[in-house]
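Asks: One structure, as structure tokens, below. Some questions next.
The values are calculated or read from the model by the stated rules, or taken from the named source; none is laboratory data. Predicted model, so just to flag it, every value in this text is computed and none were measured. For neighbour counting, all protein chains shown are included, and Cβ atoms are generated from backbone atoms with ideal geometry for every residue, glycine included. The protein model used for the area step is the full one, side chains on, heavy atoms only, and it has no ligands, DNA or RNA in it. Shrake-Rupley method; radii C 1.70, N 1.55, O 1.52, S 1.80 Å.
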Amino acid sequence: MLTVDFSRFPLAPGDRVLDLGCGAGRHAFECYRRGAQVVALDRNGEEIREVAKWFAAMKEAGEAPAGATATAMEGDALALPFPDDSFDVVIISEVMEHIPDDKGVLAEMVRVLRPGGRIAVTVPRYGPEKVCWALSDAYHEVEGGHIRIYKADELLAKMRAAGLRPYGSHHAHALHSPYWWLKCAFGVDNDKVLPVRAYHKLLVWDIMKKPLATRLAERALNPLIGKSFVAYATKPHLPTASAAPASVEAAASGASDTTAPAASGASGVTAPAASGASGATAPTGSGASGTAAPAASEAPAVSEAPGAAK
């Protein structure tokens, strides 16, 4: 189940992608299938080891095209082990609501994203999330749980303040909002009560079969009760040093034409050097061969549980 819409956020083969707070790896797997050079980073070592195994299985099964690479590594979102301008694309999905210093995380993402690069940020949507908080304290008052609820304009303002230029947004996973409302009403740890079990089965069936009726229903409901808010942005190019004197001279002479800013750093940027990541690449250990990674449309898991900070 993908939250980022890759029809609105396209990838090119060879794009260097950072999936920050990758969790179980759903977006990292999709980027790998699309031919990207993927780094999946998370602070949870157990999840990273599992993601690395799936990367190896995908390679063994031939799911990734030639030239695609995949690395899974532990790391700190507030101190990313990469040089400036290392990535073409950064994805951070359902993570920022867990982190006290969200401005610091945004600053680090902007630092490692090259000028002209693109970023996708997804967070729980204000309305459906507010209902969950109202129904259950246990939903969010857990270690590593959600510590804030973003309004869309608040998140976009923080992205702009970090130096990003938002260009699009949408909502996703409307069918998952009622599931979490039921969980909060009956107890977030109570998976045995009939309404929760029945709705979970419906979601798994929908994810596996993707029937037209539920696809159309979710598309219609996303603007109203979509569980996630998704925002896309670019990191603007900066004028090169050589262009600055020309601009100053033009301004002094009263000329109205100025030189368009050059795409500094847009070409010739080396692949990210993941300091401390040696040996963290996806293992090719035994047991991986012949096991295809779960496709995003096939994974039976539903929306992210709030207590698992990624």
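Asks: With a 1.4 Å probe and all protein chains in place, put 114, 43 in order of accessible area, largest first.
Replies: From most exposed to least exposed: 43, 114.
Asks: Follow-up. Counting only protein heavy atoms and using a 1.4 Å probe, what share of the accessible area of the range 1-156 belongs to carbon plus sulfur, as a whole percent?
Replies: 50
Asks: I've got another one for you. Let me know the Kirkwood hydrodynamic radius for the range 69-223, please, with Cα pairs as the basis and the value in Å to one decimal.
Replies: For the range 69-223, inverting the mean 1/r across all distinct Cα pairs yields 17.7 Å.
Asks: Can you pick out the pairs among 53/183; 183/210; 103/227; 151/209; 53/210; 158/235 whose Cα atoms lie more than 21 Å from each other?
Replies: Too far apart for the 21 Å limit: 53/183; 183/210; 103/227; 151/209; 53/210.
Asks: Taking the solvent-accessible surface of protein heavy atoms with a 1.4 Å probe, what is the per residue accessible area of the range 147-233 in Å²?
Replies: I get 52 Å² per residue for the range 147-233.
Asks: Using only Cα atoms, what is the ratio of the radius of gyration of the range 14-97 to 2.2 N^0.38 Å?
Replies: Against the empirical 2.2 N^0.38 Å value, I get 1.00 for the range 14-97.
Asks: For the pair residue 152 and residue 192, what calculated FRET efficiency results from E = 1/(1 + (r/R0)^6), where r is the Cβ-Cβ distance and R0 = 25 Å, to the nearest 0.05?
Replies: The formula returns an efficiency of 0.10 here.
Asks: Something else now. May I ask you to derive the FRET efficiency for residue 208 and residue 60 from their Cβ-Cβ distance with R0 = 22 Å, giving the value to the nearest 0.05?
Replies: 0.40
Asks: Hey, another quick one. Given the range 133-185, what whole percent of its Cα pairs are spread farther than 18 Å?
Replies: So the portion of pairs separated by more than 18 Å is 53 percent.
Asks: Further question: Using a probe radius of 1.4 Å on heavy atoms only, what accessible surface per residue do you get for the range 1-68? Whole Å² is fine.
Replies: Result: 39 Å² per residue.
Asks: So, one more: Just how much of residue 180 is accessible, in Å², when a 1.4 Å probe is used and the result is rounded to the nearest 10?
Replies: 10
Asks: Please calculate the 1.4 Å probe accessible area of residue 176, with all protein chains present, and give it to the nearest 10 Å².
Replies: Roughly 10 Å² of residue 176 is accessible to a 1.4 Å probe.
Asks: Pull out the extension gain between residue 138 and residue 49, defined as 0.36 nm times the separation in residues minus the alpha carbon to alpha carbon distance; nm, one decimal.
Replies: Additional length available on full extension: 29.2 nm.
Asks: Can I ask one more? Go through the range 95-144 and name the GluC sites (Glu not before Pro) that are in a DSSP coil and have 16 or fewer other Cβ atoms within 10 Å of their Cβ.
Replies: Hits after loop and neighbour filter: 141, 143.
Asks: Provide 130, 59 ordered by accessible surface of protein heavy atoms (probe 1.4 Å), highest first.
Replies: Sorted descending by solvent-accessible area, the residues read 59, 130.
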